[in-house]
Each structure stands twice: as C-alpha cells, then as structure tokens.
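Asker: Shown below is the structure under consideration.
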Amino acid sequence: MSPDLRQLYDEHAPALFAFLLNFTRREADARDTLQELFLKLIARPQLLTGVQNTRAFLLRLAHRLAIDTHRRSTVREAAIERAAAEPVALFHSATDPDEGAFRSALAEALAELPAEQRAVVHLKLWEQMTFAEIAEALDIPANTAASRYRYGIDKLQALLRPLYEELR
Amino acid sequence: MNEFERKLSQQIFRPPPADLRATLFGASPLAAASAPPALWTWRDWFWPSPQAWGALAALWVVFVVQQWDHRPPRSPEGAALRGLSAVVQWSNSELTSPESTPSAELRAEDTTLLAFHSSQELHHALDSLH
C-alpha cells in the first residue's frame, strides 16, 4: 500500500466528505462514496498520474461517484423511506448557541436548494474554486456554474436573512 | 465575496467518520480483501461515454441485420456451373457406358443450363471447368 494514499486521505478526505455530505444529504451515501473513491485509488493509484490539481480531480471523481451512488440507491430504496430519513447534521456543533442556531438554519436552507445548485455553492464557498474550475469539476459550462451559484446564494440569503441580520 | 458569503464560508463541516480511515488503511484494509487490482477493466474503457458506445454497438447490430436481410440471392452463374458439372459427369459416364441415361435430376439441371446460357457462354464455362 502506498503511504502517499494515506497522506492523500488526510489532506483531502475532510473536504471530500463535506462536499459529499452536502451534495447527497445522506451520511451513508457520503461515507460509501468516499470509501469507494479511495478504494478506486488504492486499486489504481496510476489514476493520479499527471493530475495537476489533486483536490479538483478528487472532487470531480467524488461528484461522479455520488451521482452513481444516488442512482443505485434510488432504485434500491422506496421513496417513502427516503422522505422519512432524518435531517443530516452537516456542520460541527458550535459552542455558541447563536452560532449553533445559524448552522442549523444554514443546513436546512442548503437542503432547499437543488442538488446541482448546492454542489456549485459548496465548491465556490467552501473550496474557493473559480467558476471555470467548478465547471470542469461538474461537467457544466462556466456560465451555468455562475448562474447556479447566483440563484443558490440569493435563495440562501432570502432564507437566512432574518437570522443573519439578528446575529450581526 | 460579500459579508454574507464570507459568513457562510466560515462554517466548518463535520469530519469524515473516524473509522473510515482505519477501514481503508488499517491492519486488514478492505482493499486487501478485494480482488487483486486490475490494471484495466471494461468499465474504465467505457466510462467516459457509455451511452455513446452503446449507441455505436446498437448501430452495428442494425447494420449487420440489414446486411443479412439484403444479402444477394445465390447467383445463376453458380447454378449453371453446378449444372455444367453434372453434364460433364453424365457425358463421361456416357462415354464409358453408352447404355446409361441421365437421371431425372441431371436432365432437369441440363434443361436449366440450356435455357439460361448461350452456346458461347456454355463453351466458356466448359473451358473454365477444364
């Protein structure tokens, strides 16, 4: 086993898990996808050969695998089971109650966005990727990435404005 | 990035499950339990555009089926040659045994031959048999 993969895991797994958790909204799917991604890399480390931006490459791979996982689980599970699933805890628990309330509200607001819009918002806000990088990672045009981000942020702002204004 | 976006970006996500790293890289990693790593699989080859490859395969199937349906019928030349061969055989047998007569099948093939070919073509075909 290559020790580089352990290092790769330590460097990128938190960001990948955060993206997957936010994108899939299901902890089991996020975990399975992250596991599948690293098993792929363990089996075929040459996939990383020549990759310049490792984080962007891994996020792109994670996105594709998450879509595959989602398709499989949609077939496998009844829709009613999906609807009954408990809301996922996205963020670290905060010591400050106000901050905790804001994180809970943000998690709920993110759930209101369509998955692909949420993916763009996540990559822009939490990975600081450019629209060109997001476009490449998600296989969409850069303009689409930009407009999805704008719609997503506007919706989050509308949903969170009262709480956000209160906390300022 | 405005103040609201900055506020959002400062929120910290939960880390991956602690046991996942051990599962992947621990004493008995999942990778070790799985099949030996393949350098190349069909799925990897088809991965970039499985639909495009599927469509191409379907197109080939349609093409082959069409070719099969529109294949040319057996050529009259081939039938004529078979008839000629039968005539030659019969002629040989006539030479060795003058009493013998051609069977009904040979007569029929002979008739077909004469009906479809001029004498020039017949000679040409006979030459080619020799």
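Read the figures in this text as sums done on the coordinates, not as results from a lab. Predicted model, so just to flag it, every value in this text is computed and none were measured. Cβ: placed from backbone, ideal geometry, glycine included. Neighbour counts: every protein chain shown.
Asker: Across the residues of A:119-130, average count of Cβ atoms on other protein chains within 10 Å?
Answerer: 2
Asker: Give the separation of the Cα centroids, region A:2-33 to region A:95-168, in Å.
Answerer: 19 Å
Asker: Average partner chain C-beta neighbours within 10 Å, per residue of B:3-11? Show your work: numbers first, answer last.
Answerer: On the way: counts 2, 7, 7, 1, 7, 13, 5, 3, 11.
Averaged over the peptide's residues, the number is 6.
Asker: What does the structure give for A:34-42 when I average, per residue, the other chain Cβ atoms found within 10 Å of the residue Cβ?
Answerer: Values: counts 4, 6, 0, 1, 8, 7, 3, 2, 8.
Mean inter-chain Cβ contacts per residue within 10 Å come to 4.
Asker: If you don't mind, another one. Compute the semi-axes of the equivalent ellipsoid of chain A, taking the square root of 5 times each eigenvalue of the Cα gyration tensor, and list them largest first in whole Å.
Answerer: On the way: eigenvalues 152, 73, 58 Å².
Value: 28, 19, 17 Å, ordered largest first.
Asker: Sticking with this one: Can you give me the Cα centroid spacing of region B:54-69 and region A:38-66 in angstrom?
Answerer: If we compute the Cα centre of each part, the gap is 36 Å.
Asker: Against the longest alpha carbon principal axis of chain A, how many degrees, from 0 to 90 and to the nearest 10, is the axis of helix A:3-24 turned?
Answerer: Between the helix axis and the principal axis of chain A, the angle is about 40 degrees.
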